[in-house]
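One structure is given below, encoded as structure tokens.
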Amino acid sequence: MLSKVSKDWAGAGFVTTIGLAILIFVPILFDLFEVLQMTQYVVLSLFALSLAYIWGYGGILSFGQAGFFGLGGYTYAVAAINMGQTTVPFLMAIGLCALFAAALGYFMFYGRLNDVYLGVVTLVVTLILWKLINHTAGPEYSIGEARLGGFNGIPSIPIMTLPWQPDMEMEPGQMFQYFMAILIGVYVLLHVLIKSKFGRVAISIRENEVRTGLLGYDVRLYKLGIFTIGGAIGGAAGAMWATYQTFIDPNSFSLEVSAKCLIWVMAGGVGTLFGPIVGVIGLQYLSLKLGETDLINNLIILGTILMFLVLLLPKGIFPSFQDLMQWLWRRVGGSGGERTP
Amino acid sequence: MTAAEDRPLLSTKELTMRFGGVVAVDQVNFSLKSGELRCLIGPNGAGKSTFFKCLTGQLKPSAGSVLFADQELSGKTTHDIVRKGIGIKTQVPNLFDGLPARENIALSARQNNSQRRAEEITDEMLELISIAALARRDVGSLAHGERQLVELAMVLAGQPRLVLLDEPAAGMTGEERGRLATVLRDLAGRMSLIVVEHDMQFIREIATEITVFHRGRVFIEGDVAEIMTHSEVQEIYLGKEANGAA
């Protein structure tokens, strides 16, 4: 019988293999519109992973993950417009968001903020950023050649080029593959991190923060590390969103974006990495299809579905699917097994 | 006895903790020898829990110092204090509810030991506390008294030099309390222990030396017989004003 550790790695290996197959075959098998649509899912999946990691594996419930998403997008936009290349701006977006998360996290965790207070602070900081960027419409709010544009946002953001090749602007298929490679890379890295000592301490903090401290671990430092990693991933997703749309506006900082991220993770399954990706694809696809109908306001239908989802599958879609599979396996005489994230 | 052995393992000097205008711990001088088991008692509001929290780093003292093995602890964080060799058992058991008792203990043992040694220590702790029957049960499903015992095993698995226990017998059955008393008596001598406790029957079972707190100060220190028969201590516990209280 496979040990739990082996099963975990087998699960991650299976997801990675499926991801690589999607990376190779989607641009070949699907038309342009569908490839663009799937690129959107990939970017938002990365964004969901940023929250899935800090919430599911560190117990940090951030209501303001959009803050990193927007900051990453704006950083990429401003730097790319000024620098005439996209590789360094992409790295800058990740780095700045990591720094911002570290600074914010320092005050929150070393100030011993917990639970609801942490949620409120992250939300308020994000709304401050949203308000701030909304008031940058005048020509005086420029950074180099990039005008921030206030509520109008920044248009004509350069499309990402192949790394370190400023003249090789990505085609939609290439962009999909590049972003998919980033998503797979982050998924694998997070999986490795979760299985490392750092990850195990993080889970221990999620389970019982006081006891983890009483075991001699500096809970504040670990939480700071977790939050910073989540901020960096959120920033990367924001930069990818900005180049995908070639446009960014203050709505990327909005409460709606933060709330959607929470809903994707919650619906997909907190405490897993694959679940939130399922949540993004499922709910975004549903929104797209409901938007095509005129029968009833699609938000009402979406809200009703979410309510039933929370009531019927409180663990989320993916963990419930795993439970079902384990139940079926036991029914046919298998030995059952543990959940793999 | 050498001078080093004679030196206290833990001592406080003029330790003071103020909350605004309220002085919860007032210039407390306290010392504990290596291998000693000391009980801290006192009525509600006497300052013993605040004193305990100053020792564990949960509160930063307003003034004074805490020395452990000649190292200053005052102002250090809880995890720093734990790393120096102090095990802390909180009033409300803090355990990993989703894990079996055995894994909870092994996690603590794994801190400073190899996997194999940690397993050995875990077995020793399960036997020492007599909780082998609980080893495979998730601690979330255990009764309060059983959780207290698992937490004690977890603290001891970290192989501390000094153990601080805040009301360890709370919520225990008579049988569990007896088992705990036996364990604590056995541990004394091998390590130092400070027990904050309300249960006078339990204190009679374990204590040799007692420190009585009253109004944030050390009111009296002495052996069990002396303290239990002290008229002013009895008055304090009965709620009467102690004449000449320090």
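When the test is whether a residue is touching an Asp or Glu at 6+ places or on another chain (Cβ under 6 Å), part of a helix (DSSP H, G or I), surrounded by fewer than 23 Cβ atoms within 10 Å (Cβ to Cβ) and of a type outside the set (A, V, I, L, M), residue B:145 passes it. Within region A:131-152, residues that are loosely packed, with under 14 Cβ neighbours inside 10 Å have Cβ atoms under 7 Å from residues that are β-branched (Val, Ile, Thr) in these pairs: A:145/A:81, counting only partners at least 6 apart in sequence or on another chain. Please tell me if residue A:243 is of a type in the set (S, T, N, Q), more than 14 Å from every other protein chain (Cβ to nearest Cβ) and buried (at least 23 other Cβ atoms within 10 Å of the Cβ). Yes, satisfied. Look at (1) out of contact with any Asp or Glu (no Cβ under 7 Å at 6 or more places or on another chain); (2) touching a residue at least 40 places away in the same chain (Cβ under 8 Å); (3) within 14 Å of another protein chain (Cβ to nearest Cβ); (4) surrounded by 23 or more Cβ atoms within 10 Å (Cβ to Cβ) and you find that residue B:81 fails only one, number (2).
Residues of region A:164-197 that are surrounded by 14 or more Cβ atoms within 10 Å (Cβ to Cβ) and not in a helix (DSSP H, G or I): A:166, A:169, A:170.
Beta carbons closer than 6 Å, at least 6 apart along the sequence or on distinct chains, pair a first residue in region A:293-319 that is at negative phi with a second that is among the β-branched types (Val, Ile, Thr) and at pLDDT 85 or above for A:317/A:278; A:318/A:272; A:318/A:278. For residue A:178, are the conditions met, namely being touching a helix residue (DSSP H, G or I) at 6+ places or on another chain (Cβ under 8 Å), at pLDDT 95 or above and aromatic (Phe, Trp, Tyr)? For residue A:178, the condition - touching a helix residue (DSSP H, G or I) at 6+ places or on another chain (Cβ under 8 Å), at pLDDT 95 or above and aromatic (Phe, Trp, Tyr) - is not met. So, in region A:207-233, exactly how many residues are within 13 Å of chain B (Cβ to nearest Cβ) and either at negative phi or at pLDDT 95 or above (or both)? Count: 16.
This table checks each residue for (1) of a type in the set (Gly, Ala, Ser); (2) within 14 Å of chain A (Cβ to nearest Cβ); (3) touching a residue at least 12 places away in the same chain (Cβ under 8 Å).
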{"site": "B:22", "(1), (2), (3)": "no, no, no"}
{"site": "B:36", "(1), (2), (3)": "no, no, yes"}
{"site": "B:50", "(1), (2), (3)": "no, no, yes"}
{"site": "B:66", "(1), (2), (3)": "no, no, yes"}
{"site": "B:86", "(1), (2), (3)": "no, yes, yes"}
{"site": "B:95", "(1), (2), (3)": "no, yes, yes"}
{"site": "B:99", "(1), (2), (3)": "no, yes, yes"}
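When only residues in region B:129-142 that are assigned to a helix (DSSP H, G or I) and either in contact (Cβ under 8 Å) with a residue 60 or more places away in the chain or surrounded by fewer than 18 Cβ atoms within 10 Å (Cβ to Cβ) (or both) count, which is nearest to the other protein chains (Cβ to nearest Cβ)? If we take residues in region B:129-142 being assigned to a helix (DSSP H, G or I) and either in contact (Cβ under 8 Å) with a residue 60 or more places away in the chain or surrounded by fewer than 18 Cβ atoms within 10 Å (Cβ to Cβ) (or both), then B:140 is nearest to the other protein chains (Cβ to nearest Cβ). Residues considered: B:153, B:169, B:181. Of these, the only one that is under 20 Å from residue B:42 (Cα atoms), small (Gly, Ala, Ser) and either part of a helix (DSSP H, G or I) or more than 17 Å from the chain's Cα centre (by Cα) (or both) is B:181.
The set of residues in region B:6-30 that are surrounded by fewer than 20 Cβ atoms within 10 Å (Cβ to Cβ) and out of contact with any Lys or Arg (no Cβ under 9 Å at 6 or more places or on another chain) comprises B:11, B:13, B:14, B:16, B:18, B:19, B:20, B:21, B:22. More than 14 Å from chain B (Cβ to nearest Cβ), aromatic (Phe, Trp, Tyr) and surrounded by fewer than 21 Cβ atoms within 10 Å (Cβ to Cβ) - does that describe any residue in region A:198-206? Yes, that holds for at least one residue. Checking each residue in region B:92-123 for being of a type in the set (Asp, Glu) and outside any loop (DSSP other than H, G, I, E, B) picks out B:103, B:119, B:120, B:123.
The values are calculated or read from the model by the stated rules, or taken from the named source; none is laboratory data. Just so it is clear, the model here is predicted, and its values are computed rather than measured. Cβ: placed from backbone, ideal geometry, glycine included. Neighbour counts: every protein chain shown.
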